[in-house]
There are 2 protein chains.
Amino acid sequence: MAEDSCQDPIADALQILNLLAGVQPEHLKENESLLPVCHRVAQLPKYQVIFHDETISNYVVNRIFQSQKQKLIPVYMDACGLSKKEAEMLTLFVITGTYNVNKALNWNSNSVWYNIHSILFRFMSGGYERLRKHDTKRETQSI
Amino acid sequence: MAEDSCQDPIADALQILNLLAGVQPEHLKENESLLPVCHRVAQLPKYQVIFHDETISNYVVNRIFQSQKQKLIPVYMDACGLSKKEAEMLTLFVITGTYNVNKALNWNSNSVWYNIHSILFRFMSGGYERLRKHDTKRETQSI
């Protein structure tokens, strides 16, 4: 699996998501370098055989989850006030949901693909914001 | 698969989700009848063998998706201003993400399960709200 080249993934991950959530689908292609690593890897010819083999899809999505959870768990813990277990389950939700949408779109990054992912980025951005607000409210109540 | 007994699923679905999103995890058990049908079915002894068999999990989640998309697609189209294809992909994202979290929690509705689902309900509720706001903004701009 290719390595993510992001220099400070913990600090940047939600900022990047918020940025992507605000980008119109027709401009998402121009910001392709900001997409999560598994989106980009799936476009590389040498990996396509892996992503199109239905018989190993549970194995592949689990490998992506194992690789990405190291990066995402600290982000969700910090930004949304979640415990490690809660952050791990949110990572699993997001990774497996996104993987299955990519599979249904045949990993084909055409205009439909950019449009659907633009909607998913907005959906997730709204979700993180709601969790952050809930955490802030909890903190205020405990003062 | 058991039938959902909800009388008006299209009108009620997002209201129920918002209600669940505001319920503390320790009170979620008392509101179990409001949980999506696949959560409840998975607790029934006669269906447990299906939900615990890893070899058919892709088939099972696909059956749930096929069954639930009839109900959810019109809800997402109406409430979030999505096209049919966009609503279908959001349904797939939510169903497969939730299914995989349930699987990781071993379909065991204990206090951890209620806590994680409470977080996911909040996350999804925030996501739908963001899509609704985006749609309203788009409508306002086009006037």
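The values are calculated or read from the model by the stated rules, or taken from the named source; none is laboratory data. Since the structure is predicted, the reported quantities are computational estimates derived from the model, not experimental observations. Heads up, the Cβs are rebuilt from the backbone with ideal geometry, glycines too, and the neighbour counts pull from every protein chain shown. Surface accessibility is based on the protein's heavy atoms, side chains included, excluding ligands, DNA and RNA. Shrake-Rupley method; radii C 1.70, N 1.55, O 1.52, S 1.80 Å.
Cross-link check: pairs A:Lys133/B:Lys69; A:Lys71/B:Lys84; A:Lys84/B:Lys71; A:Lys29/A:Lys103 evaluated at a Cα-Cα cut-off of 25 Å; pairs beyond the cut-off: A:Lys133/B:Lys69; A:Lys71/B:Lys84; A:Lys84/B:Lys71. With R₀ fixed at 51 Å, the C-beta to C-beta distance from B:Lys133 to A:Gln66 puts the FRET efficiency at about 0.90.
For the segment A:41-48, counting C-beta atoms of other chains within 10 Å of every residue's C-beta and taking the mean gives 0. Alpha-carbon geometry of the range B:61-107: the Rg and the Dmax are 11.3, 35 Å, given in that order. Total Å² of accessible surface buried at the B-A contact, 1.4 Å probe, nearest 100? Chain pair B/A: roughly 3200 Å² of buried accessible area. Take B:34-42, B:112-120, B:93-101 and order them by the average number of nearby Cβ atoms within 10 Å per residue, most first; the result is B:93-101, B:112-120, B:34-42. Once you treat every alpha carbon in chain A as an equal point and sum by Debye, what is log10 I(q)/I(0) at q = 0.11, 0.12, 0.15, 0.20 Å⁻¹? Ignoring solvent entirely, the Cα scatterers give -0.42, -0.50, -0.78, -1.35. Once the Cβ-Cβ distance of B:Val112 and A:His52 is raised to the sixth power relative to R0 = 35 Å, the FRET efficiency obtained is 0.50.
The share of alpha-carbon pairs in the protein assembly as shown lying farther apart than 27 Å comes to 38%. Shortest first, A:Gly22 label-point distances to identical copies amount to 3.0 nm, with the label point at 7 Å from Cα along Cα→Cβ.
Nearest-to-axis residue in chain B, judged by Cβ distance to the rotation axis that brings B onto A and given in whole Å, is B:Gly97, 2. Inter-label distance, A:Gln15 to B:Asp78: 4.2 nm, where each label sits 7 Å from its Cα along the C-beta direction.
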